[in-house]
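Student: Let me give you the structure first, and then I'll get to my questions.
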Amino acid sequence: MADFSHVSITSPDQLLGLLKDEVAGTSTQWWAKNQSTVSGYLKALAAAAVETQASLLSGRIGEEQAAMILADQKAALEQTIQFTEYMTLALAQMLLDGIFGIIGWGIFNRTGINLFPDLVKPVA
Amino acid sequence: MDKGRGIPRIGIAFALVLLLAACAMFAPRYDATLDLKTTGAYELVAGFAASAELGSYTEKDSFEAIAPQYANAQAQLAVAKLRAATLPTQGKAAEKARDLLVALIQGCSDRVGSFARQHAAFGIQPASGATEPMMISCDQAAKAAQAMKTGN
């Protein structure tokens, strides 16, 4: 992990660049696979973190609330990882359903037997 | 080997493979109630976020008037979570997907709860970064609940 002990965040774009570099540096393969799903959420979280920093600096929010907000931002980022895992499995199921939907319709249209009632839904 | 007896066995095996393949092996099937409840909660959440960013929640006293709407969102998410937790699955991958779906709905509920507690304790200042975690968590929960819809 890079040394961020002297980092000073002044804009969402600067923070977003650092976050992307950190994620891509940790796992190039994961980033390449999930970039399209994660980028929008990462951008929103970077903007939110900079807003929280500015609000704390200006005294609009106190330390206790800032800690709660940042804990929520961290939790949302952790959930984003879970979201990518779920969407990978959902995509696999959709591919399976797509393939066997075609086979199911083929069998149904030739034989009248519906082997996949979840996938083949003839209009009555 | 008796070919006359072998063919039906192959046919039965093929049919079983097809039936197995048609099961929810990687993710649970789409559930309309789950989608309705998760999306309904997300729409309420979007309303909370918009009001907060417009400055309607800057005073903590504004919480009382909104409290029933927070309760409504949490009730919808509780139904969605129970619905997701009981979706039928086939195999470990689909069980994992179901657990992830439950976790995503729970995450949305946790962020709504945290946002409501902040509202009651401090008020919510616009552009303080408080709305985004709730919106992100609930957006992901709603997308996950709808993900299998196109498969139908």
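Student: With +1 assigned to the C-beta of every Lys and Arg and -1 to the C-beta of every Asp and Glu, and no other charges, what is the dipole magnitude of the protein assembly as shown about the Cα centre in debye, to the nearest 20?
Tutor: Numbers: 22 positive and 25 negative charges, 319 e Å.
Magnitude of the dipole: close to 1540 debye.
Student: Something else about it: Which of the residue pairs A:K74/B:K143; A:K33/A:K74; A:K74/B:K37; B:K37/B:K96; A:K33/A:K121 have a Cα-Cα distance greater than 23 Å in the structure shown?
Tutor: In this structure, A:K74/B:K37; A:K33/A:K121 lie more than 23 Å apart at Cα.
Student: Strictly greater than 32 Å: what percent of every Cα pair in the protein assembly as shown meets that? Each step should come with its number before you reach the end.
Tutor: Working: 14445 of 37950 pairs.
The share of Cα pairs beyond 32 Å in the protein assembly as shown comes to 38 percent.
Student: If the viscosity is 1.306 mPa s and the temperature 10 °C, what translational diffusion coefficient in µm²/s does Stokes-Einstein give for chain A when Rh comes from Kirkwood over Cα pairs?
Tutor: 87
Student: Continuing with the same structure: Calculate the spin-label point distance for A:T26 paired with A:L95, positioning each point 7 Å from the Cα along the beta-carbon direction, and give it in nanometres.
Tutor: 2.6
Student: Between 0 and 90 degrees, rounded to the nearest ten: what's the tilt of helix A:63-111 against the longest Cα principal axis of chain A?
Tutor: Long axis of A:63-111 versus the principal axis of chain A: about 10 degrees.
Student: As a check on your grasp of the helix formula, calculate [θ] at 222 nm for the protein assembly as shown: sum -39500 (n - 2.57) over DSSP H runs of n ≥ 4, divide by the residue count, round to the nearest 500.
Tutor: -26500 deg cm²/dmol
Student: Can you give the FRET efficiency for A:T37 and B:D99, using 1/(1 + (r/R0)^6), R0 = 22 Å, r = Cβ-Cβ distance, to the nearest 0.05?
Tutor: Once rounded, the FRET efficiency stands at 0.70.
Student: Another question about this same structure. For chain A, what relative contact order do you get, as a whole percent, if you take Cα pairs closer than 8 Å and at least 6 residues apart?
Tutor: With pairs under 8 Å counted, the relative contact order is 18 percent.
Student: Normalise the Debye intensity by I(0) for region B:18-152, one equal point scatterer per Cα, no solvent, then take log10 at q = 0.10, 0.13, 0.19, 0.21 Å⁻¹ and round to two decimals.
Tutor: Results for region B:18-152 at q = 0.10, 0.13, 0.19, 0.21 Å⁻¹ read -0.36, -0.55, -0.96, -1.10.
Student: Going by how many other Cβ atoms sit within 10 Å of their own, how do A:S55, A:S8, B:S137, B:S56 line up, fewest first?
Tutor: Sorted ascending by nearby Cβ count, the order is A:S8, B:S56, A:S55, B:S137.
Student: Give me a comma-separated list of calculated 3J(HN,Hα) values for region B:82-94, in order, Karplus coefficients 6.51, -1.76, 1.60 applied at θ = phi - 60°, integers in Hz, x for any Gly or Pro.
Tutor: With the stated coefficients, region B:82-94 comes to 5, 4, 5, 5, 10, 5, x, 9, 9, x, 5, 4, 5 Hz.
Student: Something else: How many nm separate the modelled label positions at A:R110 and B:A120, each set 7 Å beyond the Cα in the direction of the Cβ?
Tutor: According to this spin-label approximation, the distance is 6.3 nm.
Student: Now a separate question. Tell me, what is the FRET efficiency for B:A78 and B:I10 to the nearest 0.05, using R0 = 45 angstrom and their Cβ-Cβ distance as r?
Tutor: 0.40
Student: What FRET efficiency comes out for B:E59 versus A:I9 if R0 is 41 angstrom and r is the Cβ-Cβ distance? Round to the nearest 0.05.
Tutor: Result of the calculation: an efficiency of 0.90.
Student: I need the phi-derived Karplus couplings for region B:122-136: 6.51 cos²θ - 1.76 cosθ + 1.60, θ = phi - 60°, integer Hz, Gly and Pro marked x.
Tutor: 10, x, 10, 8, x, 6, 10, x, 7, 7, 4, x, 5, 5, 5
Student: Also, I was wondering about something else. Through the Karplus equation 6.51 cos²θ - 1.76 cosθ + 1.60, θ set to phi - 60°, convert the phi angles of region B:98-110 into ³J(HN,Hα) values in whole Hz; use x for Gly and Pro.
Tutor: 3J(HN,Hα) across region B:98-110, in whole Hz: 5, 4, 5, 4, 4, 5, 5, 5, 4, x, 4, 4, 4.
Only the coordinates and a few stated rules stand behind these numbers; no lab work does. Everything numeric here is computed off the predicted structure, so don't read it as measured data. Reconstructed Cβ throughout: ideal geometry from the backbone, glycine too, with neighbour counts over all protein chains shown.
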